[in-house]
Amino acid sequence: MAELTAQEVKRAGLEAGLDGVGIANIERLENAPPQMQLANIFPECKSVIVTLRRIPRGVYRGIEEGTHWSNYTFYGYNRLNSLFRPLGTYRLACLIEDHGWEAVPIYPGVPEAQPTREPVRTGQVGADVFPAIRIAAIAAGLGECGWSKVFLTKRFGPRQRLGMILTDAELQPDPLVEPGSICSRCMACVRECRGHAIPHISEGKTVRIQIEDKVYEWADVDMGKCCLTHHGMNKEVSPFLARDFPGLKLNVAEQEMSEEEAYKLSYTVAGGTWRKTDEFPTGNLVDYYKTMLSSTGYYAVCGAGGCIRACMMSLEKSGRIEATYNEPFRKRPAWKLDYQGQVQTEADAE
Ligand code: SF4
Ligand code: SF4
């Protein structure tokens, strides 16, 4: 059987439609907690291949203008994560197996949200083991977590989704990215996060990890506030919630929910129905959320105003990333709603 090299894996990944492939040796990830240990999924794993597919910049245009939301859920989130990127990952896994090595494709879930079950064999962890995909991507040399916790690459800045393959093939690992070489600590993500979820650097709330001799550090993001905003329980980002719950005054900046609590609330509202009345004739609690959930199985509302859009604009301007465009992304002043859904003008903000 033909020898499989790291170069061949990368070439095959690009040919399969991926926009990037990075490789870590398993030792770089051996300090993960047991429930996230890749070796607990595939004990013979020698190499961790992280796959990447870009989010086109134009996916954010509609939300940036405040006129079109649904393509973000489809092309920037759900189908990108569940179809476009996995397709390349699947093809790459098949190529590896054609060389006689086992390839375990992994769909990255939310590790914190997975309940663990009793082990099915004594002496091992229970189901399900879920890896931290961003940490694997750092270990595979693809980039670093920005201050916002979003994964940044030299090529696309914050615009990509990630997947993973574990294999028993021993492949040459990529060099690690120097910490701080992509994220400039500009704090644009903090300023423009309408979920008030990203602490400022002056607050000193951080997460630190070490891989080999390199220490990576980013903000300890409030995932409850982020989840409420991402899933539309924040009128600062959602004209849909404002329309269907006109009297609701929920200030996300004041919430102290866990991520799980935030999911519970937002998905219950998004999937919910109530009797049809003249006031709310469709019977859906929030019409847009219910429609997106029914058609796509997911819905995303914030449009990552701070952690992706503001970050992308900052990194494009600074020249720290390779993806450049003929025109700047922001062409008009950003729209702004307050927590009651009222349109804010520059005069209101003064
Ligand atoms: S906006 Fe991007 S580059 Fe600036 S601090 Fe946040 S993550 Fe880093
Ligand atoms: S998704 Fe929205 S709320 Fe969450 S961190 Fe990014 S900008 Fe903030």
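If you build the convex hull over the alpha carbons only and average its shadow over all orientations, what do you get for the range 94-209? Give it in nm² to one decimal. Don't skip to the answer; put the middle values down first.
On the way: hull surface 41.3 nm².
Projected area, direction-averaged: 10.3 nm².
For LEU152, list long-range residues whose amide hydrogen, built 1.01 Å from N in the peptide plane, is under 5 Å from its own amide hydrogen.
Result for LEU152 returns GLU144, CYS145, GLY146.
Let's test this: bin the Cα-Cα distances of the range 84-135 at 5 Å from zero up to the farthest pair and state each bin's percent.
For the range 84-135, the pair-distance distribution reads 4, 18, 17, 16, 19, 15, 10, 1.
Report, please, the projected area of the range 2-149 averaged over directions, based on the convex hull of its C-alpha atoms, in nm².
Working: hull surface 42.5 nm².
Convex hull of Cα atoms, orientation-averaged projection: 10.6 nm².
Could you work out, for the range 217-329, what percent of all Cα-Cα pairs fall into each 5 Å distance bin, beginning at 0 Å and stopping at the bin that holds the largest distance?
2, 11, 18, 19, 16, 12, 10, 7, 3, 2, 1
Could you calculate the contour length gain from PHE84 to GLU279, that is, 0.36 nm times the residue separation minus the distance between their Cα atoms, to one decimal place in nm?
Numbers: separation 195, 0.36 × 195 = 70.20 nm, distance 4.01 nm.
Result for the pair: 66.2 nm of gain on full extension.
Hey, rough spin-label estimate for GLU254 and GLU8, points 7 angstrom out along Cα→Cβ, what's it come to in nanometres?
With each label point 7 Å from Cα toward Cβ, the separation is 6.3 nm.
Give me the Kirkwood hydrodynamic radius of the chain, using the inverse of the mean 1/r over all pairs of distinct Cα atoms, in Å to one decimal.
Details: mean 1/r = 0.0465 Å⁻¹.
Evaluated over the chain, this radius sits at 21.5 Å.
I'd like the distance between the alpha-carbon centres of the range 38-63 and the range 128-182, rounded to an integer number of Å.
After rounding, the separation between the Cα centres reads 8 Å.
Subtract the Cα-Cα distance of GLN342 and TYR107 from 0.36 nm times their separation in residues, and report this length gain in nm to one decimal. Kindly include the intermediate steps, with their values, before the conclusion.
Working: separation 235, 0.36 × 235 = 84.60 nm, distance 3.91 nm.
Value of the extension gain: 80.7 nm.
Around ASP338, with a cut-off of 11 angstrom between Cβ atoms, what is the net charge of the other residues, counting Lys and Arg +1 and Asp and Glu -1?
Numbers: positive: ARG194, LYS235, LYS249, LYS336; negative: GLU236, ASP348.
Here the charged neighbours net out to +2.
Strictly over 20 Å apart at the Cα level, which of LYS10/LYS214; LYS205/LYS264; LYS154/LYS214 would you flag in this model?
Numbers: LYS10/LYS214 24 Å; LYS205/LYS264 26 Å; LYS154/LYS214 18 Å.
Among LYS10/LYS214; LYS205/LYS264; LYS154/LYS214, the Cα-Cα distance tops 20 Å for LYS10/LYS214; LYS205/LYS264.
Near LYS317, which aspartates and glutamates are there with a Cα under 15 Å away, not counting those fewer than 8 places off in the same chain?
GLU327
Quick check on the range 263-347: take the gyration tensor over C-alpha atoms, sort the square-rooted eigenvalues as a ≥ b ≥ c, and tell me if it's rounded (a/c under 1.5), prolate or oblate. Intermediate results must be reported in sequence, preceding the final value.
Working: a/c = 3.15, a/b = 1.97, b/c = 1.59.
It is prolate, given that a/c is not under 1.5 and a/b is the larger ratio.
Please go through the range 260-333 and write out the GluC sites (Glu not before Pro) that DSSP classes as loop and that have at most 14 other C-beta atoms within 10 Å. Kindly include the intermediate steps, with their values, before the conclusion.
On the way: sites: GLU260, GLU261, GLU279, GLU316, GLU322; in loops: GLU279, GLU322.
Qualifying residues, ordered by number: GLU279, GLU322.
What is the dipole size for the range 151-275, taken about its Cα centre, with +1 at each Lys and Arg Cβ and -1 at each Asp and Glu Cβ, in debye to the nearest 20? List each step's numbers first, then the result.
On the way: 16 positive and 18 negative charges, 158 e Å.
Dipole of the range 151-275, to the nearest 20 debye: 760 debye.
In nm, to one decimal, how far is the modelled label at THR268 from the one at PHE329, with both set 7 Å along Cα→Cβ?
3.4 nm
List the residues of the range 141-179 whose backbone N lies under 11 Å from a point placed 7 Å from the Cα of LYS214 along the Cα-to-Cβ direction.
141-145, 154, 174-179
Would you kindly state how much longer the chain becomes between ASN31 and VAL207 on full extension, computed as 0.36 nm times their sequence separation minus their alpha carbon distance, in nm to one decimal? Intermediate results must be reported in sequence, preceding the final value.
Working: separation 176, 0.36 × 176 = 63.36 nm, distance 1.50 nm.
Separation in residues times 0.36 nm, less the Cα-Cα distance, equals 61.9 nm.
Near HIS200, within a Cβ-to-Cβ distance under 13 Å, what is the net charge of the other residues, with Lys and Arg +1 and Asp and Glu -1?
On the way: positive: ARG185, ARG191, LYS205; negative: GLU192, GLU203, ASP220, ASP222.
Net local charge, HIS200 excluded: -1.
Read-outs throughout are calculated quantities, based only on the coordinates presented, and are distinct from any laboratory measurement. Quick caveat: nothing in here was measured; it's all calculated off a predicted structure. Methodologically, a virtual Cβ is constructed for each residue, glycine included, from the backbone with ideal geometry; neighbour enumeration extends over all protein chains shown.
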